[in-house]
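Structure first, then comments.
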Amino acid sequence: MSHRLSGNEAVAYAMKQINPDVMGAFPITPSTEIPEYFADYVANGEVNTEYVAVESEHSSMSVCIAAQAAGARSVCATSSCGLALMYELLYVAASCRLPITLACVNRALSGPININHDYSDSMGARDSGWIQIYAENNQEAYDNFLMAMPIGETPNVRLPVMACMDGFITSHAVENIELLETDAVRRFIGEYNPEHYLLKKENPLAVGPYDISPYYMEHKVLEAEAMKAAKARILEVAAAFEKISGRHYGLFEEYRMEDAELALVLMGSTAGTAKAAIDKLREDGVKAGLVKIRVFRPFPGEELARALAGTRAVAVMDKSEGFSANGGPLFAETCGALYGLKERPHLIDIVYGLGGRDVRVEDIEKVFGRLANIAATGETGPVYVHMGQRSREEIA
Amino acid sequence: MKTVFKKPESLTDAQFHYCPGCTHGIIHRLIAECVDEMNIRESTIGICPVGCSVLAYDYFNFDMLEAAHGRAPAIAAAIKRLLPDRTLFTYQGDGDLASIGMGEILHASVRGEKICVFFINNTVYGMTGGQMAPTTLLGQVTTTSPYGRSKDNEGYPAKMAEILAQNEGSAYICRTAVNDPPNVMKTKKAIKKALQTQAKGLGFSMVEILSTCPTNWGLNPLDSMKWLEDNMIPYYPLGELKVKEDR
């Protein structure tokens with residue numbers, strides 16, 4: 001079915017097709033529309049979800065944890081400070097191995113307070129044990145949300161999934177989208193039949209009890225193993241999804257990378273801008289390419305190293321700061337991934353677009369200009385820079 | 001020539017961004033007038049909430065600090081304890097104060113923090129687009145209660161003034177409305193009394209001000225005032241609930 005939907009509408013529609021058991025709801029810009037659309041579905045009897053409108057995100061995630069522990073499928077949507085307020089519970093959800101699905105509509109974190117897009121919110125939660133999948137556009141936001149449960153609910157994974165999209169850019173812009181039939185979605189998602197849940201009389205259970213040092217580490221190792229196992233499962237689910245949708249997904253998308261010498265590594269909607277810049281540069285004979293990271297947790301380090309092995313210069317574009325004094329989070333991961341290569345490309349980090357600052361095709365072309373210069377001279381220059389500042393001379 | 005009317009010194013020249021018919025503008029002005037009349041502008045610090053009045057620091061002509069959602073009372077209490085000779089107030093909506101910030105407001109009152117809270121109750125989350133708040137009336141249609149709030153699913157509207165009036169730490173608790181000129185004048189009186197309560201060091205004070213949200217209620221400004229009178233005042237009765245005269 002072809003439709004025109006905003007990213008928020010698309011995700012709300014995916015939730016409706018899934019018909020989850022419970023939704024914990026609390027509004028925050030720009031994810032607010034998701035629980036709003038869903039409230040209509042509930043009120044109209046189009047889903048039989050228990051809709052719990054709570055007083056904060058700390059409580060909405062608590063609702064999801066409790067519901068999932070009781071054997072129900074639960075969903076939630078949030079952004080920015082809302083995700084930050086959930087922080088304590090994110091770790092609880094992951095460590096209790098509760099495969100909740102959260103639509104994270106990315107927005108800059110306070111302070112100063114800002115409602116526009118960057119990844120500071122979900123990047124802050126990158127080590128919480130949640131699988132993180134990022135969308136470039138509305139279609140991917142919809143598709144990723146549908147794939148989340150088959151990934152997270154698999155017994156050897158059993159981890160919560162954050163399906164992320166860019167606030168306003170993706171969440172509010174209306175685009176053409178292909179929707180699946182609801183029957184096909186329900187067959188694809190299947191029934192949720194967890195092995196363990198509260199009040200299962202054959203198997204009395206405590207969820208999230210005190211875990212002392214002789215046991216705690218074993219549980220954390222199991223969680224780490226589950227995250228490793230998730231990588232293969234994400235690809236299995238993507239293959240199954242391709243069969244019903246015709247749309248192909250991997251851990252990341254390689255765009256014109258087959259012979260690329262200069263490459264970008266970035267996430268989300270900026271990929272669209274980057275692809276336009278790359279097409280232009282390719283016409284001029286520049287061997288430019290892009291790796292768009294789709295799955296950030298688990299991080300596809302080995303696969304990324306293979307994808308970048310043939311390049312001469314790579315710019316990682318981080319749309320969140322990180323304040324490590326050593327580059328943004330995507331840069332750190334990419335550096336780590338490339339370390340094992342015998343011959344590594346030159347690598348720089350460009351932090352851009354914080355708090356919704358625009359990035360244009362010309363900006364991306366400038367980045368490639370710098371990469372071409374690095375490849376030609378072998379001089380990397382400043383490794384960690386900020387692009388698009390009003391008051392500073394541009395290095396990037 | 002005698003000046004009979006002028007903009008309070010405590011308001012800046014910035015134009016309010018509020019929707020037509022919204023009563024934030026009236027309440028901002030009343031607070032500014034009281035601060036002017038008590039001659040405390042140079043020693044007043046306001047705390048902004050998250051909500052429609054998130055930009056209140058653009059309108060008040062004194063120092064203001066932006067709090068995280070719901071945390072304004074904790075912020076105000078900390079400043080007041082460090083700078084006890086300053087006048088501290090928070091300006092909070094029902095999403096900020098009665099929902100995500102329920103813990104902070106209760107404990108500020110329990111501890112008897114010597115701050116003023118101006119609580120603007122319009123029964124919805126305004127800024128995010130009219131979702132159900134803890135103060136939403138039974139049967140009231142919002143974007144997250146499309147067929148009206150039901151007591152079975154969502155429970156009953158929270159009466160914040162009554163809740164806070166029970167606490168020993170609360171020195172002055174009053175509920176007013178800004179639906180007509182007499183009530184606007186009563187609201188101003190209550191705001192001043194709250195500020196005087198703080199000046200006397202008597203304890204925590206809150207003025208709950210019943211307000212409108214024409215945009216999210218889907219009513220014009222006049223009908224909104226009528227809706228407030230017909231629906232809100234019967235459930236949220238006006239008047240002083242707690243008045244502590246001395247320490």
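Pop a pseudo-label 7 angstrom from the Cα along the beta-carbon direction at both residue A:206 and residue A:344 and give the gap in nm to one decimal.
Distance between the two pseudo-spin positions: 4.6 nm.
Count the lysine pairs in region A:252-386 whose Cα atoms sit under 26 Å apart, keeping only pairs 8 or more residues apart in sequence or on different chains.
Within region A:252-386, the lysine pair count is 14.
Sequence neighbours fewer than 8 away in the same chain don't count; with that in mind, list the lysines whose C-alpha is under 24 Å from residue B:244.
Excluding near neighbours in sequence, the set is B:80, B:114, B:159, B:186, B:188, B:189, B:192, B:193, B:200.
Top to bottom by accessible area (1.4 Å), largest first, where do B:75, B:120 land?
Ranked from most to least accessible, the order is B:75, B:120.
Among A:123, A:76, B:22, whose Cα lies farthest out toward the positive end of the dipole of the protein assembly as shown, if unit charges sit on the beta carbon of Lys, Arg (+1) and Asp, Glu (-1)?
The one lying farthest along the dipole's positive direction is B:22.
State the antiparallel share, in %, of DSSP beta bridges confined to the protein assembly as shown, rounding to the nearest 5.
Approximately 20 percent, going by the DSSP bridge assignments.
Quickly work out the residue A:380-to-residue A:191 label distance, labels modelled 7 Å from Cα along the C-beta direction, and quote it in nm with one decimal.
Placing both labels 7 Å beyond Cα along the Cβ direction yields 5.5 nm.
Determine which residues of region B:18-43 fall in the zone a paramagnetic label at residue B:86 would reach in this model, i.e. backbone nitrogen under 13 Å from the point 7 Å along Cα→Cβ.
Those under the cut-off are B:41-43.
Could you tell me how far the Cα centroid of region B:131-200 sits from the Cα centroid of region A:160-186, in Å?
First find each Cα centre; the distance between them is then 39 Å.
DSSP beta bridges in region A:2-245, what fraction antiparallel, as a percent rounded to 5? Don't jump to the answer; show the numbers that get you there.
On the way: 5 of 26 bridges.
If I count the DSSP bridges inside region A:2-245, around 20 percent turn out antiparallel.
Counting only other chains, and only Cβ atoms inside 10 Å, what mean value do you get across the residues of B:147-153?
Across B:147-153, the average partner-chain Cβ count within 10 Å equals 2.
Could you work out the relative contact order of chain A? I mean the mean sequence separation of Cα pairs under 8 Å and 6+ apart, divided by the number of residues, in percent.
That works out to 15 percent.
Residue B:6 accessible area, nearest 10 Å², 1.4 Å probe?
130
When the helix-only estimate is applied to the protein assembly as shown (DSSP H runs of n ≥ 4, each -39,500 (n - 2.57), divided by the residue count), what is the mean residue ellipticity at 222 nm, nearest 500 deg cm²/dmol?
-11000 deg cm²/dmol
Quick one: net charge around residue B:78, please, counting Lys, Arg +1 and Asp, Glu -1 for every other residue with C-beta under 11 Å from its C-beta.
Numbers: positive: B:71, B:80, B:81; negative: B:113.
Charge balance in the 11 Å sphere: +2.
Note down the nm distance, to one decimal, between modelled labels 7 Å out along Cα→Cβ at residue B:110 and at residue A:240.
The modelled label-to-label distance comes out at 4.8 nm.
Order A:268-276, A:220-228 from most to least packed using the mean count of other Cβ atoms within 10 Å.
Numbers: A:268-276: 21.7, A:220-228: 14.2.
Ranking, from highest mean packing down: A:268-276, A:220-228.
In a shell of Cβ-Cβ distance under 10 Å around residue B:177, excluding residue B:177 itself, what net charge do Lys and Arg (+1) and Asp and Glu (-1) give?
Once all neighbours under 10 Å are counted, the net charge is -1.
Given charges of +1 on the Cβ of Lys and Arg and -1 on the Cβ of Asp and Glu, with all other atoms neutral, how large is the dipole of region A:300-396 about its Cα centre, in debye to the nearest 20?
80
Quick one: net charge around residue A:80, please, counting Lys, Arg +1 and Asp, Glu -1 for every other residue with C-beta under 12 Å from its C-beta.
Values: positive: A:107; negative: A:57, A:118, A:121.
With Lys, Arg at +1 and Asp, Glu at -1, the neighbours total -2.
In region A:252-386, what % of DSSP beta bridges are antiparallel (nearest 5)?
Close to 15 percent.
The values are calculated or read from the model by the stated rules, or taken from the named source; none is laboratory data. Because the structure is a prediction, the values reported are computed rather than measured. Glycine gets a Cβ as well: all are built from the backbone with ideal geometry, and neighbour counts include every protein chain shown. When the accessible area is computed, the model is the full protein with side chains, heavy atoms only, and any ligands, DNA or RNA have been set aside. Shrake-Rupley method; radii C 1.70, N 1.55, O 1.52, S 1.80 Å.
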